4 protein chains.
Amino acid sequence: MSIHTKQTAANPERLNDRARMLISCPDGPGIVAAVSRFLHEHGANIVQSDQYTMDPEGGMFFMRVEFDLPQLQKNLPDVEKDFAAVGEQFNMEWSIRPLNRKKRLAIFVSKEDHCLVELLWQWQAGDLDAEIAMVVSNHQDMQPYVESFGIPYHHVPVTPDTKKEAEQRQLELIGNDIDVIILARYMQIISPLFIEHYRNRIINIHHSFLPAFVGGKPYAQAYNRGVKLIGATAHYVTEELDGGPIIEQDVQRVSHSDDVSELKRIGRTIERVVLARAVKWHTEDRVLVHENKTVVFN
Amino acid sequence: MSIHTKQTAANPERLNDRARMLISCPDGPGIVAAVSRFLHEHGANIVQSDQYTMDPEGGMFFMRVEFDLPQLQKNLPDVEKDFAAVGEQFNMEWSIRPLNRKKRLAIFVSKEDHCLVELLWQWQAGDLDAEIAMVVSNHQDMQPYVESFGIPYHHVPVTPDTKKEAEQRQLELIGNDIDVIILARYMQIISPLFIEHYRNRIINIHHSFLPAFVGGKPYAQAYNRGVKLIGATAHYVTEELDGGPIIEQDVQRVSHSDDVSELKRIGRTIERVVLARAVKWHTEDRVLVHENKTVVFN
Amino acid sequence: MSIHTKQTAANPERLNDRARMLISCPDGPGIVAAVSRFLHEHGANIVQSDQYTMDPEGGMFFMRVEFDLPQLQKNLPDVEKDFAAVGEQFNMEWSIRPLNRKKRLAIFVSKEDHCLVELLWQWQAGDLDAEIAMVVSNHQDMQPYVESFGIPYHHVPVTPDTKKEAEQRQLELIGNDIDVIILARYMQIISPLFIEHYRNRIINIHHSFLPAFVGGKPYAQAYNRGVKLIGATAHYVTEELDGGPIIEQDVQRVSHSDDVSELKRIGRTIERVVLARAVKWHTEDRVLVHENKTVVFN
Amino acid sequence: MSIHTKQTAANPERLNDRARMLISCPDGPGIVAAVSRFLHEHGANIVQSDQYTMDPEGGMFFMRVEFDLPQLQKNLPDVEKDFAAVGEQFNMEWSIRPLNRKKRLAIFVSKEDHCLVELLWQWQAGDLDAEIAMVVSNHQDMQPYVESFGIPYHHVPVTPDTKKEAEQRQLELIGNDIDVIILARYMQIISPLFIEHYRNRIINIHHSFLPAFVGGKPYAQAYNRGVKLIGATAHYVTEELDGGPIIEQDVQRVSHSDDVSELKRIGRTIERVVLARAVKWHTEDRVLVHENKTVVFN
């Protein structure tokens, strides 16, 4: 079906020589100068650059640089080798990603489909510049829909007794080439072992404005408290339930006349918008994590 | 596919005896008393009621009443017959719709799919309480996708030379039992004759915050003017281009760094949200039209 | 100074014969009919009417009616006497307020002035239809400013040792003719005895999106959690800290680059807007309280 | 009065050695490297840096750099002298402003006070880091209020016959050391001659979401068109009425029940918020103008 098959980058010819560099390091004088001089001397042209210093006195420095480098594929290995010295000098964590090496996503889903549908819609519209490598679910409901997009669907049932085996099976499926796991209303607790494998690379959507209404049934909690706005929160998963670094949040106005089912209906739209933004930003290398917070360049 | 086949009303048993009444008339004393007494004496219980008086001195009165009436199907004809006297007394335009007689929609679409996809998604999620009777398009692209929902798809090509015949064909397809036509980015001018047939029953989505950027290429116009918010407007179609009664509008923040294609991308989300809200409100009898304005009870 | 002295109602002549009725009672058939018939038979014309039924099966009914009654001042006592029978029939809590009997406010403030300044600005602009009877503060800082509006200012120092005497002094100042107390960043815990005197008539502004960040230093809590939106909450004060019925909430987007002092700066604008809305709605009889929730007709 | 006299910078000691550089030039390779190397070699540390390239092929480059330079006051003249060569090499328009040289504002106001009150409130709260050098008005109403802040107030009456003389008098009052003129609902057309003197340095607040409702009575226009959102636009004044570069816009939801006077009331809050943001951004050197658009780094 035509709706499922398009997926072309907006300006593919431009992107072949473009890359993004992410840097985190202790703040200090001369970092921007060193990075921009390095890129200039290696023939790269900076297209966009963002930086942020957290707590100017003795703080952390974060930078995102998008640059064009002629014959990127051929030249990138040398650039990376040479940049190692700069990275060492400033004690940097850094990475460079050519834009034509798209990030690979695995989407975990349970029975509620709205977040998955939104991600697939944005992907097929060309708005999500990534590969959806697979969908993994503990239910079979979405299989025909997902496969109609040409995306592999893996059904991995989870019961209280088989949780450990199920996670083992999921890890095998994912293998070594998945960049980020999206919990698109997956509704299962992920084990610490699994989290450790994908530190800051598992994105969950929680259906409340965290830290309000941690845990289960947040819409019922919101109804009982009589709040006037409900929200959703996309965050990286950590060992603390609903406690990981927040990537994005948004809210919508509600009123006394909205019962729990109406809150859920309104919430579905916030959830899918917030999760899609977080995934988009992650795939565009806009999110850096420091301790329990994110720096989002957008 | 499971995603396509559900579509159950939230509380079907409740709705069998529920109806909605819409009233417009010149303002005057005693209208609310007359209507509520009438309903009470006929055994109906008012569940929700909204009223609005436009310009208290010599103005117009608008009312929406939702009520439960035991054995509605059997009793409604008598209620309608009896209410005629009340309607005459106050010079009312009025109508009553039992909620289990769902409104029937025809969706017109061209090549851009986002508004159609949103409507279908909300419909299959049970959030749009209506029947989608057909999709009509001047292109064939969406046919397999629409038909996978079990919805008839009619391909009616339109060329400058065949415009008149095409509209004739569309009117035949629609027949007599379509309540409202949705132009979900249909991109064709509708003829005055067609509009006259469906006065205040054709909903269009215009991709700007009207009355800014009337006409073609509104995102290019917005980019050139350097606005800091872009928007979308859902309105009833009248003979004046982009000039009909506005049902709903919303906006999203943009910045200098968003080029026209990025404005279009952001705009797509606003367009589908705004159109879906307008369609939902129309199907829930929340919109009354007076001259070139709407009263929206929500 | 001219800025301080205007304060005229928008359409004073209209309001002399206008009143508002608030009703809460167990739901049942015929309530709207009974109320609207009563008003019609007593010569009143309904200008606006809102109703809401919480949980249709065995729930609560809430109504707000604005009506014009010729020679209101002369006729209101009879109307109230006659309505008692209707009230008894449906087991109503009800009240009628003529609009020209403005609500009287006492504003409690500490050192931070932004909420007070906003309320005074809206009041002198004619947007807050109430009398500001007095400002009470545990500091003297704002005295000249408040008195320049012609509003009495009472300095009641509060120390840990004199808290009880201070509250006694405040109760004496307030006397019997204050309708509502506004805690405009008052920063002192109110005693249960005081709260009992003004049940659902003390409005506090909490500087977070409750129930997130209950208690002290909410902006520091928000910064540490790395939230992407900060908010404010106006609520009625109950014995549970920051736990009373919520009247209004709003939020503003923040980013990683906003430190605590910037969050406070952004927060000040949300706080004053949210508090001013809540006070406006309360003074316009738009807020009804049921258990720990509000019904807000707006 | 205490409310009027504070006005201390948040961290005054920090700001003494801090400056901001603004750059606009044709895009080309090596600009960021050249600027950051220059600053590093002159002992400056970049605290924050934003850049934007409009239309990467053959477009324009914009940059805002905030840096700390030890003994700024002593060293700045040499830095500026040396930077001239860099500026010439890249054909830059550039400027450097030490943060302790605050921008000087002249506020023009007519009879409506809300925008002026907001600016004065933000200024006295320390949120507007500028000097308010004078208020100029064609009416005397606000004189005592403005003077209570210790700010000079100049009454310059304007009649159709004396418009030219009035502008001459205003230019004399302003003299040579005003950085920006704020039209805080001044309601008088400014002459081309006056505009030429202060190109991109006169900020006006228009009470609509431009380009909708250009010209007079925008709230009446909005009411007649039945829009569902109303807005305000802060822009630099050019010879084309309401057509200059837009700095900031925002909107607020309205409904059918809001008449023109209610739209004005709601609009006042949007106007003062939007104008205050634009003025804040201008005073923080966040706004660059290119042709008829702004680049806003925030």
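So here's what we get for this one:
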| read-out | value |
| --- | --- |
| Positive dipole terminus of chain B, leading residue within B:Pro211, B:Cys115, B:Leu39 (C-beta point charges) | B:Cys115 |
| Segment C:131-265: Rg to Rh, with Rh as the Kirkwood radius over Cα pairs | 1.00 |
| Computed over the protein assembly as shown, Cα set: Rg, Dmax in Å | 31.5, 93 |
| Other copies of A:Asp259: label-to-label distances in nm, shortest first, labels 7 Å along the beta-carbon direction | 3.7, 5.0, 5.1 |
| Distant-in-sequence amide H partners of B:Gly243 (H built 1.01 Å from N, under 5 Å) | B:Thr238 |
| Centre separation in Å (Cα based) which lies between segment A:169-185 and segment D:173-247 | 54 |
| Lys, Arg +1 and Asp, Glu -1 on Cβ, resulting dipole of the protein assembly as shown about Cα centre, debye, nearest 20 | 0 |
| Global form of segment D:79-184, assessed from the alpha-carbon gyration tensor, a/c cut-off 1.5 | oblate |
| Mean projected area in nm² (Cα convex hull; one quarter of hull surface) for chain C | 17.5 |
| Chain D - charge dipole about Cα centre, Lys and Arg +1 at Cβ, Asp and Glu -1, debye rounded to 20 | 660 |
| Shielding by partners, peptide B:38-46 (average Cβ within 10 angstrom, other chains) | 4 |
| Other protein chain Cβ atoms within 10 Å, averaged over every residue that makes up D:118-127 | 3 |
| Magnitude of the charge dipole, segment A:17-98, Cβ model with Lys/Arg +1 and Asp/Glu -1, debye to 20 | 280 |
| Nearest 10 degrees, 0 to 90: helix B:72-89 Cα axis against chain B principal axis | 80 |
| Tilt relative to chain C, helix C:163-174 - C-alpha long axis, 0 to 90 degrees, to 10 | 40 |
| Cα centroid of segment D:71-104 to Cα centroid of segment A:70-94, whole Å | 33 |
| Fewest-first sequence of D:Glu147, A:Glu284 by Cβ atoms within 10 Å of each Cβ | D:Glu147, A:Glu284 |
| Ordering of A:230-242, C:217-229, A:157-169 by burial proxy (mean other Cβ atoms within 10 Å per residue, highest first) | A:230-242, C:217-229, A:157-169 |
| Per-copy distances of the A:Pro26 label point, shortest first, in nm (7 angstrom along Cα→Cβ) | 4.5, 7.2, 8.4 |
| Whole-number percent relative contact order across chain C, with pairs defined as alpha carbons under 8 Å at least 6 apart | 16 |
| Mean Cα-pair separation over length for segment D:150-298, i.e. relative contact order, pairs under 8 Å, 6 or more apart, % | 19 |
| FRET efficiency estimate (nearest 0.05) - Cβ-Cβ, B:Gln252 to A:Asp177, R0 41 angstrom | 0.70 |
| Helix axis angle, A:31-41 relative to chain A longest principal axis, alpha carbon, degrees | 70 |
| Using a Förster distance of 60 Å, the FRET efficiency for B:Gln73-B:Glu240 (Cβ separation, nearest 0.05) | 0.90 |
| Rg(Cα)/(2.2 N^0.38 Å) for segment D:17-98, N = residue count | 1.05 |
| Total lysine pairs under 19 Å (Cα atoms) in chain D, excluding pairs fewer than 8 apart on one chain | 13 |
| Residue-averaged beta-carbon neighbours from other chains (10 angstrom radius) around C:280-292 | 1 |
| Residue order, fewest to most surrounding Cβ atoms within 10 angstrom, among D:Cys25, B:Cys115 | D:Cys25, B:Cys115 |
| GNM result for chain C, Cα springs below 10 Å: residue of C:Ile107, C:Ile202, C:Ile96 fluctuating most strongly | C:Ile96 |
| Amide H partners (placed H, <5 Å) of A:Ser208, local residues excluded | A:Thr233 |
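Read-outs throughout are calculated quantities, based only on the coordinates presented, and are distinct from any laboratory measurement. Just so it is clear, the structure is predicted and the values come from calculations on it, not from any experiment. For neighbour counting, all protein chains shown are included, and Cβ atoms are generated from backbone atoms with ideal geometry for every residue, glycine included.
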